[in-house]
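See below for the structure under consideration.
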There are 2 protein chains.
Amino acid sequence: MSPLSTGVLGALDPTSDRAVFRQIADQLREAIDKGRFREGEKLPSEAELVEHYGVSRMTVRNSFSILQGEGLVHSEHGRGVFVRPRPPVRRLASDRFARRHREQGKSAFLVEADTVGSHPEVDSLQVKEERATPDVSARLGSVRRVLVRRRRYLLDGRPVEFATSYLPLDIARDTPIAQPNPGPGGIYRRLEELGHRLDHFEEEIKARMPSPDEVATLRLAAGVPVIHLIRTAYDTEGRAVEVCDTVMAADAYVLSYRLPAT
Amino acid sequence: MSPLSTGVLGALDPTSDRAVFRQIADQLREAIDKGRFREGEKLPSEAELVEHYGVSRMTVRNSFSILQGEGLVHSEHGRGVFVRPRPPVRRLASDRFARRHREQGKSAFLVEADTVGSHPEVDSLQVKEERATPDVSARLGSVRRVLVRRRRYLLDGRPVEFATSYLPLDIARDTPIAQPNPGPGGIYRRLEELGHRLDHFEEEIKARMPSPDEVATLRLAAGVPVIHLIRTAYDTEGRAVEVCDTVMAADAYVLSYRLPAT
DNA sequence: AAGTGGTCTAGACCACCTA
DNA sequence: AGGTGGTCTAGACCACTTG
């Protein structure tokens, strides 16, 4: 409630063509960018900004709404509007499916979380048989029914990724892959034990805004896109043996790939 | 103005806890998802929805604002609110930097656009020397000054990507790379001619909402994230010879990568 | 109890587009 | 000219958080 909390903000330019609520958003954005408001810090309240700029409350709220859409701030009912902190980031390296990693006991997700000191969890585990969607069927080579494995990954209690694997029934039915816990090394190691020696993976990446479902599942803040990754695993005979559809909170990931120049 | 244009929409549930503007957004979203409103089609006007639901205009506008944030619709001043059409997508394959492509005459962007029948353009070309930012310097191995090449790529008149390349001065100064048009095969081919045989590239990918600058440069619609890609090129001696920082309209791209399983 | 953001109303004037 | 969205006001009541 300090009268100085708006001290870093300037005045409006009444001669400008730019809408008032955009000018206010511009000033707040600049203040955030310049570090005048730090991560996690509370911005001036709506009432203070109404007072400072001499505008109506809806105008101030429109400004906040812009910044929220840009993912710069988030609001907490009854508490205030805060500069959104950057969450810890999960880096996915291009060697993450190397056989040497599979040959260790734990799954890639758990191993990696340990090395960065985060607490990993997997929940919403679901394994069942379903009819293949046209897209999955096309990727797996005209398969009718598939084994589906869904699971959600969390780091330090925060959901970061929701993944769904699809495997042809003739490969996966009545194998450890159809168990909720497929055992050490994960399903890729089981596939190799079943004689499907893995050759390579193909990953397709898109980014988009989340659906309301995805907002709920990943507990996404406003202004956070998702990375939608579809990976297909091929064995040495050129057969697609798994499709994995993954939706990731974009603010929690950096993907990295190595490309040959030859 | 047809009284039937809201025919696909239901009634509000006054007993629901869900805010009215969210209920309206839900109904519109569902209608769009089910194809009751097609791509590019106009939604009922604000006035019609005010009439249909018996709410105030601001409430209807809040609903539209949700859908806009999700990238589902876009508004045109004086015309209406429309279902946002999905633009044509540019697919980037993981072999896009293979030497065989460099050895052809044209740049990758132009070749590829031709094959999908789009009209490619490059503008805002800018070449100059600058001090390296800390991040670029770290990636290039403690380089102080760099040659900077900026350019914007367009497909069929639509900006889709804005790229900035950084090269160490000792490599690029007084070479064709410092020319606005570096010649056939692009700067990667020039680098090889200068004795820097390329070994591999590393790409780092993030997704996030665009800054206001990026919205302007790429003419992004509301609710469209950007893919931020940073590529580093390494020569056979392990030296980083170029860093390319690229911001792409996420709705215009699918990236694809091949990962080894070994 | 006081302060905060969340929702909603009922107006107003403007700029833009189509006809 | 009439319809459309863009901006803005001045209220109101509510739900949530904090002291």
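The values are calculated or read from the model by the stated rules, or taken from the named source; none is laboratory data. Quantities reported herein were computed from a predicted structural model and do not represent experimental measurements. All Cβ positions, even for glycine, are placed from backbone atoms using ideal geometry, and neighbour counts span all protein chains on display. SASA here: full protein model, heavy atoms, side chains in, ligands and nucleic acids out. Shrake-Rupley method; radii C 1.70, N 1.55, O 1.52, S 1.80 Å.
List of remarks:
- Unique match (being in contact with a Phe, Trp or Tyr (Cβ under 8 Å, 6 or more places away or on another chain) and over 25 Å from A:Glu192 (Cβ atoms)) among A:Val254, A:Val247: A:Val247
- Residues that are within 12 Å of DNA strand D (Cβ to nearest atom) and hydroxyl-bearing (Ser, Thr, Tyr), drawn from the stretch B:22-53: B:Ser45
- Selection within the stretch B:80-97 - open to solvent by less than 50 Å² (accessible area, probe 1.4 Å) and farther than 19 Å from B:Glu202 by Cα: B:Gly80, B:Val81, B:Phe82, B:Val83, B:Arg84, B:Pro87, B:Arg90
- Subset of the stretch A:26-48 that is over 27 Å from the mean Cα position of the chain (by Cα) and within 9 Å of DNA strand C (Cβ to nearest atom) - its residue that is most open to solvent (accessible area, probe 1.4 Å): A:Ala47
- Residue that is nearest to the other protein chains (Cβ to nearest Cβ), among those in the stretch B:167-189 that are open to solvent by less than 40 Å² (accessible area, probe 1.4 Å) and over 17 Å from B:Phe97 (Cβ atoms): B:Ile171
- Residue within the stretch A:191-213 that is of a type in the set (Lys, Arg) and touching a residue at least 60 places away in the same chain (Cβ under 8 Å) present: no
- Qualifying position, being assigned by TED's automatic domain parsing to the domain that holds A:Val160 and either within 11 Å of DNA strand D (Cβ to nearest atom) or under 30 Å from B:Ser94 (Cβ atoms) (or both), among A:Arg57, A:Arg100, A:Arg79: A:Arg100
- Verdict on A:Arg100 being in contact (Cβ under 8 Å) with a residue 40 or more places away in the chain and open to solvent by 70 Å² or more (accessible area, probe 1.4 Å): no
- Identity of the residue in the stretch A:49-64, near DNA strand C (Cβ under 10 Å from one of its atoms) and buried (at least 19 other Cβ atoms within 10 Å of the Cβ), that ends up nearest to the other protein chains (Cβ to nearest Cβ): A:Phe64
- Remark: pairs (first residue in the stretch B:129-149, under 10 Å from B:Val243 (Cα atoms); second residue of a type in the set (Ser, Thr, Tyr) and open to solvent by less than 20 Å² (accessible area, probe 1.4 Å); Cβ separation under 6 Å; 6+ apart in sequence or on different chains) = B:Arg139/B:Thr232.
- Those residues of the stretch B:217-262 which are in a loop (DSSP other than H, G, I, E, B), β-branched (Val, Ile, Thr) and open to solvent by less than 10 Å² (accessible area, probe 1.4 Å), in sequence order: B:Val224
- Only one of the listed residues (A:Asp114, A:Asp95) is under 30 Å from B:Ala261 (Cα atoms), within 14 Å of another protein chain (Cβ to nearest Cβ) and at pLDDT below 95. That residue is A:Asp95.
- Qualifying residue in the stretch B:190-204 (condition: within 9 Å of chain A (Cβ to nearest Cβ), closer than 21 Å to B:Val89 by Cα and either open to solvent by 40 Å² or more (accessible area, probe 1.4 Å) or not hydroxyl-bearing (Ser, Thr, Tyr) (or both)): yes
- Between A:Val81, A:Val73, A:Val89, the distinction of being more than 14 Å from chain B (Cβ to nearest Cβ) and either without any contact (Cβ under 8 Å) to a residue 40 or more places away in the chain or not charged (D, E, K, R) (or both) belongs to A:Val81 only.
- Only residues that are within 14 Å of chain A (Cβ to nearest Cβ) and either under 25 Å from A:Ile205 (Cβ atoms) or within 16 Å of DNA strand C (Cβ to nearest atom) (or both) were counted in the stretch B:98-111, giving 6.
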